[in-house]
């Protein structure tokens with residue numbers, strides 16, 4: 001339901017001129033908001049000390065334990081931490097909680113499906129006049145897609161997921177795209193909307209169909 005943190009820049013924007021809002025959220029804050037988890041930042045030296053004391057203990061002990069075992073590879077270290085270090089640490093130093101009630105909330109099936117999206121790095125980009133999208137060193141050409149109509153200058157969300165695959169989303173709809181080998185030349189595409197089917201044609205105000213009864 002809530003997570004207790006310090007004010008490190010990963011968790012909170014600390015710029016004095018910034019205002020806490022949706023546009024200036026860190027990726028961590030955005031993910032916690034989508035999971036409906038309240039973030040509580042320590043506002044006093046004593047509170048921050050409780051957070052840092054545990055981190056300092058773990059970082060100091062873990063490094064020495066892995067050095068004694070001559071561990072140099074990340075995968076080997078992760079395996080040791082989960083299979084050996086954590087069980088041994090909990091056995092020696094854990095304290096029985098006064099209240100044994102489990103306060104964890106179960107994940108709904110709908111939320112489980114969204115986890116890859118929630119735990120991605122998300123950036124916002126706008127659709128160019130030729131229905132391309134620039135992101136970092138990449139250029140993406142949007143393809144006609146079912147279930148969504150894409151207009152020029154629409155704001156899209158670029159998701160860099162943990163598996164390395166990039167997804168492009170318009171609101172809740174994911175769009176088809178292909179990666180261009182180089183930056184496209186600037187052109188103006190007269191196409192009004194990018195969609196799998198052409199949008200219905202709306203007659204103008206002075207069209208004969210509108211004047212049949214006049």
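Only residues that are surrounded by 10 or more Cβ atoms within 10 Å (Cβ to Cβ) and at pLDDT 70 or above: list them for the stretch 194-206, please.
194, 195, 196
Consider residue 53 carefully, then state whether it is assigned to a helix (DSSP H, G or I) and modelled with pLDDT of 90 or more. So that I can check it myself, show each step before the final result.
Values: assigned to a helix (DSSP H, G or I): yes; modelled with pLDDT of 90 or more: no.
It is false that residue 53 is assigned to a helix (DSSP H, G or I) and modelled with pLDDT of 90 or more.
Does the stretch 103-111 include one or more residues that are part of a helix (DSSP H, G or I), surrounded by 11 or more Cβ atoms within 10 Å (Cβ to Cβ) and in contact with a helix residue (DSSP H, G or I) (Cβ under 9 Å, 6 or more places away or on another chain)? Break it down stepwise before answering.
To start, the set of residues in the stretch 103-111 that are part of a helix (DSSP H, G or I) comprises 109-111.
Keeping just the survivors that are surrounded by 11 or more Cβ atoms within 10 Å (Cβ to Cβ) gives 111.
With the extra rule that they be in contact with a helix residue (DSSP H, G or I) (Cβ under 9 Å, 6 or more places away or on another chain), the set shrinks to 111.
Scanning the stretch 103-111 turns up at least one residue that is part of a helix (DSSP H, G or I), surrounded by 11 or more Cβ atoms within 10 Å (Cβ to Cβ) and in contact with a helix residue (DSSP H, G or I) (Cβ under 9 Å, 6 or more places away or on another chain).
Does residue 89 qualify as being in contact with a helix residue (DSSP H, G or I) (Cβ under 8 Å, 6 or more places away or on another chain) and not assigned by TED's automatic domain parsing to the domain that holds residue 156? Explain how you work it out, then say what you get.
Values: in contact with a helix residue (DSSP H, G or I) (Cβ under 8 Å, 6 or more places away or on another chain): yes; not assigned by TED's automatic domain parsing to the domain that holds residue 156: yes.
The answer is yes for residue 89.
Just one of the numbered conditions (1) surrounded by 14 or more Cβ atoms within 10 Å (Cβ to Cβ); (2) at pLDDT below 85 is not true of residue 116; which one?
(2)
Restricting to the stretch 164-196, what's the tally of residues that are outside any loop (DSSP other than H, G, I, E, B) and without any contact (Cβ under 8 Å) to a residue 60 or more places away in the chain? It would help to see each step written out before you state the result.
Step one: of the stretch 164-196, the residues outside any loop (DSSP other than H, G, I, E, B) are 166-170, 173-174, 177-179, 193-194.
The next check asks that each one be without any contact (Cβ under 8 Å) to a residue 60 or more places away in the chain; those that pass are 166-170, 173-174, 177-179, 193.
Residues meeting the conditions: 11.
Residues being part of a helix (DSSP H, G or I) and either within 17 Å of residue 89 (Cα to Cα) or modelled with pLDDT under 90 (or both): count how many of those fall in the stretch 20-50.
Taking the stretch 20-50 first, the residues part of a helix (DSSP H, G or I) are 22-24, 27-34, 45-50.
With either within 17 Å of residue 89 (Cα to Cα) or modelled with pLDDT under 90 (or both) added as a condition, the list becomes 22-24, 45-50.
Adding up the residues that qualify gives 9.
Looking at (1) at pLDDT 90 or above; (2) part of a loop (DSSP other than H, G, I, E, B), find the lone condition where residue 16 falls short.
In the conditions (1) at pLDDT 90 or above; (2) part of a loop (DSSP other than H, G, I, E, B), residue 16 misses (1) alone.
Can you pull out the residues in the stretch 115-126 that are in contact (Cβ under 8 Å) with a residue 40 or more places away in the chain and in contact with a strand residue (DSSP E or B) (Cβ under 9 Å, 6 or more places away or on another chain)?
116, 117, 120, 121, 122
Would you be able to say whether some residue in the stretch 93-100 is at pLDDT below 90, part of a loop (DSSP other than H, G, I, E, B) and within 22 Å of the chain's Cα centre (by Cα)?
no
Is there a residue being within 30 Å of residue 3 (Cβ to Cβ), loosely packed, with under 11 Cβ neighbours inside 10 Å, more than 15 Å from the chain's Cα centre (by Cα) and modelled with pLDDT under 95 anywhere in the stretch 170-193?
Taking every residue of the stretch 170-193 in turn, none turns out to be within 30 Å of residue 3 (Cβ to Cβ), loosely packed, with under 11 Cβ neighbours inside 10 Å, more than 15 Å from the chain's Cα centre (by Cα) and modelled with pLDDT under 95.
So which residues in the stretch 135-148 are in a loop (DSSP other than H, G, I, E, B) and either closer than 14 Å to residue 174 by Cβ or modelled with pLDDT under 90 (or both), if there are any at all?
Kept after step one, since they are in a loop (DSSP other than H, G, I, E, B), are these residues of the stretch 135-148: 136-137, 143-148.
Of everything in the stretch 135-148, those that are in a loop (DSSP other than H, G, I, E, B) and either closer than 14 Å to residue 174 by Cβ or modelled with pLDDT under 90 (or both) turn out to be 143, 144, 145, 146, 147, 148.
Just name the residue that is modelled with the highest pLDDT out of those in the stretch 152-163 that are out of contact with any helix residue (DSSP H, G or I) (no Cβ under 9 Å at 6 or more places or on another chain) and in a loop (DSSP other than H, G, I, E, B).
So, considering only residues that are out of contact with any helix residue (DSSP H, G or I) (no Cβ under 9 Å at 6 or more places or on another chain) and in a loop (DSSP other than H, G, I, E, B), the one modelled with the highest pLDDT is 154.
The values are calculated or read from the model by the stated rules, or taken from the named source; none is laboratory data. Remember, it's a predicted structure, so these values are computed and weren't measured experimentally. Because the Cβ atoms are built from the backbone with ideal geometry, glycine has one as well, and the counts that use them run over all protein chains shown.
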